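The values are calculated or read from the model by the stated rules, or taken from the named source; none is laboratory data. For clarity, every value in this text was computed on a predicted model and none was experimentally measured. Here Cβ is always computed from backbone atoms with ideal geometry, including for glycine, and neighbour counts include all displayed protein chains. To get the accessible areas, we keep the full protein, side chains included, count just its heavy atoms, and leave off ligands, DNA and RNA. Shrake-Rupley method; radii C 1.70, N 1.55, O 1.52, S 1.80 Å.
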Amino acid sequence: MNVLLVGSGGREHALAWSLSASPILTKLYCAPGNPGIEAVAECVPIAASDSDGLIAFAKSKKIDFVVVGPEAPLVAGLADRLEAAGIKALGPSAQGARLEGSKGFVKDLCAENGIPTGRYARFRDAGAAKSFADALDLPVVIKADGLAAGKGVIIAESRADAHGAIDSMLGGAFGAAGSEIVVEEFLDGEEASFFALSDGEHVLPLAGAQDHKRAFDFDKGPNTGGMGAYSPAPVLTDTVVAKVVERILKPTVAAMARRGTPYMGVLFAGLMIKDGEPKLIEYNCRFGDPECQVVMLRLKSDLLTVLTATRDKVLNAVDLRWTDEVALTVVMASKGYPGMYASGSEIRGLDEASRLDGVQIFHAGTARRDGRIVANGGRVLSVTGTGENVAQAQQRAYAAVDAIDWPEGFCRRDIGWRALARSG
Ligand code: AMP
Ligand code: GLY
C-alpha cells in the first residue's frame, strides 16, 4: 500500500516509525513531516491544513490510505474531502470530529446517554453563566466550546477568577471558539488517558497512558501540550478499563451511530478516576502527543493493518498484541516554552543517544539546517525509553536525555513520578 501520513510532530514521528515497519506497506509519505520522520518516510512540503494540496498529492502518487495525525484538519473536514475524492482515510468526518471540536456537544451527548461526566451547562450569555458558576463548588471549570489549541480551559479558584474567565472567553479571547462556553463542575481524582479505535460500530480498546501537563517538576508552572508520558497507566486497572469501555466508549460510539454521524478513527478519552470510578473529562479525535509515542512503542501488532481495518469497518476481526514492557517519554522543549522561545539552536548527540539500549528518539519540532539538526518549535524532541518497569524505562529515557547536547533546551526530571510512587 502507498500511505500518506499527515502531520509533523512527535506523534506523527511515532506513527511513521510504526507504519514504516508494516509488511503491507509499499511506500510511506509524510506531509509535511520533520527531519526525524525523513528516516522512515519521504517527507513532502504540504501543510496539514492544505487539503487541496494533500488531495492532489494523494491522487498523483496513487495513495491507497491516508492517516491524519492532528485534530484541526479533521475538524475542518479533511477526511470527508479525501473520501469524497475516492481516497481512503483514517480519521473521523467533520461531524464525527465534533467529539473534540465542540465541548458542549460532548457534554450533551453524555447527558443524553448516561455517560459519567461532571455537571455542566452551556452558555452564550455571561450573566447566566456566572449564576450557574456561582452555584458550583470551587474550583469551577470554564471552557471555550471550540478548538483553542489546548488553551481554552480555565480552572478558576475563586468566584472573581470564574467571572473573569467567563467575561474574557465570551468577550472574544479565543475568537469564535469561545463564543459559546461550558461551565463545569471540577472533578477531582487521578487523571489518565485511554485510547481506542472505532470503526463506527465496534470499539477496539488500545492502551492507557498518563501525561504530564505542567511545564516544570512537581507539576508546577504553566500548562503545556504535554511534557512527558508513560504507558500503561497504573491507575487504569483492568476493572477501570472495562468500565471506561462499557460505560463511556461504547455508549458514545453507539450514540454517534444513532445520530447518523458514525465515529471512525482514534478515540482519545481524557478521564478522571476517583475510587475506581472513571468519568469523562473530554474526548479528542486523534492520538495524544506525547502519549502516542509510548503507545506505539508497546504495540506489537501491525499498525497499518489495524488502521485499515478501522477504515474498512472490520475492527471486530482485529486482535492486538502488546508488549508487557513499560514505555516512558520525556519531552525536551525550547527554554521559554510554552511562552516565547527562540528557534534555530543546534542539537548535538542525537545519534549517540539513540544507540543506547531501549531508547527511541522521536522528533517533534526540529529542522535540518546545513546538515545539522536545529530546534524549530516549542516541544522539540520526545525521548523515549522502554523497560521492564517504570523505573527502568525512566532511567533509559533520562540516560538518552543526558547524552543529548542541547543547552537551549529543558525537560522535566520527574516524568513517571506518579507511577513510581505507586509501585513503591
Ligand atoms: P483540555 O485542554 O480540555 O485537555 O483540559 C485541560 C486540562 O484541564 C485537563 O487535562 C484536566 O487536567 C483539566 N480539566 C478539564 N476539565 C476538568 C474538570 N471538569 N475537572 C477537573 N479538571 C479538568
Ligand atoms: N498530550 C495531550 C494531548 O495530546 O492533547
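Beyond 30 Å between alpha-carbons counts as too far, so tell me which of Lys107/Lys313; Lys279/Lys335; Lys103/Lys313; Lys250/Lys300 fall in that bin. Please list the in-between numbers first.
Working: Lys107/Lys313 26 Å; Lys279/Lys335 35 Å; Lys103/Lys313 26 Å; Lys250/Lys300 24 Å.
In this structure, Lys279/Lys335 exceed 30 Å between Cα atoms.
First compute the accessible area of the chain with a 1.4 Å probe, then give the percent of it belonging to carbon and sulfur atoms.
50
Kindly give the semi-axes, whole Å and largest first, of the ellipsoid equivalent to the chain, taking each as the square root of 5 times a Cα gyration tensor eigenvalue.
Ellipsoid semi-axes (Å, largest first): 31, 26, 22.
Would you compute, for the Cα atoms of the stretch 347-408, the largest minus smallest coordinate along each principal axis and list the three values in descending order, in whole Å?
So the three principal-axis extents are 39, 21, 17 Å.
Which order do Trp406, Trp322 take by accessible area at a 1.4 Å probe, largest first?
Working: Trp406 15, Trp322 60 Å².
Heavy-atom accessible area, descending, gives Trp322, Trp406.
Mind computing the radius of gyration and Dmax over the alpha-carbon atoms of the stretch 11-144? Å is fine for both.
Just the Cα atoms of the stretch 11-144 yield Rg and Dmax of 19.9, 59 Å.
Sort Glu388, Glu185 from largest to smallest accessible area, using a 1.4 Å probe on the heavy atoms of the protein chains.
In descending accessible area the options line up as Glu388, Glu185.
How large is the accessible surface of Glu201 in square angstrom, using a 1.4 angstrom probe and rounding to the nearest 10?
It works out to around 140 Å².
Quick one: if you stick a label point 7 Å off each Cα along the C-beta vector at Ala342 and Lys250, how many nm between them?
Going from the Ala342 label point to the Lys250 one covers 5.6 nm.
Taking the solvent-accessible surface of protein heavy atoms with a 1.4 Å probe, what is the per residue accessible area of the stretch 279-424 in Å²?
Accessible area per residue, the stretch 279-424: 42 Å².
Straight-line reach from Lys27: which lysines have Cα under 16 Å away, leaving out those fewer than 8 places along the same chain?
Lys59, Lys61, Lys62, Lys88
Using modelled backbone amide H atoms (1.01 Å from N, in-plane), which distant-in-sequence or interchain residues come within less than 5 Å of Cys30's amide H?
The list, which skips near neighbours in sequence, is Leu5, Glu42, Cys43, Val44.
So what does Ser158 come to for accessible area, using a 1.4 Å probe and Å² rounded to 10?
40
Which values, in whole Å and largest first, are the semi-axes of the equivalent ellipsoid of the stretch 156-300 obtained as the square root of 5 times each eigenvalue of the Cα gyration tensor?
Square roots of five times the eigenvalues give 27, 21, 15 Å.
With every protein chain left in place, what is the accessible area per residue of the stretch 78-233 in square angstrom, probe 1.4 Å?
On a per-residue basis, the stretch 78-233 sits at 39 Å².
Summing +1 for each Lys or Arg and -1 for each Asp or Glu, what net charge is found among the other residues whose Cβ lies under 9 Å from the Cβ of Leu136?
-3
In whole angstrom, note down how far apart the Cα centers of the stretch 153-205 and the stretch 77-106 are.
Cα centroid to Cα centroid, the span is 20 Å.
Quick one: order Thr239, Thr261, Thr252 from most to least accessible surface, probe 1.4 Å.
Numbers: Thr239 90, Thr261 25, Thr252 0 Å².
Order by accessible area, largest first: Thr239, Thr261, Thr252.
Where both residues lie in the chain, what percent of DSSP beta bridges are antiparallel, nearest 5?
On the way: 65 of 81 bridges.
So the antiparallel bridges amount to about 80 percent of the total.
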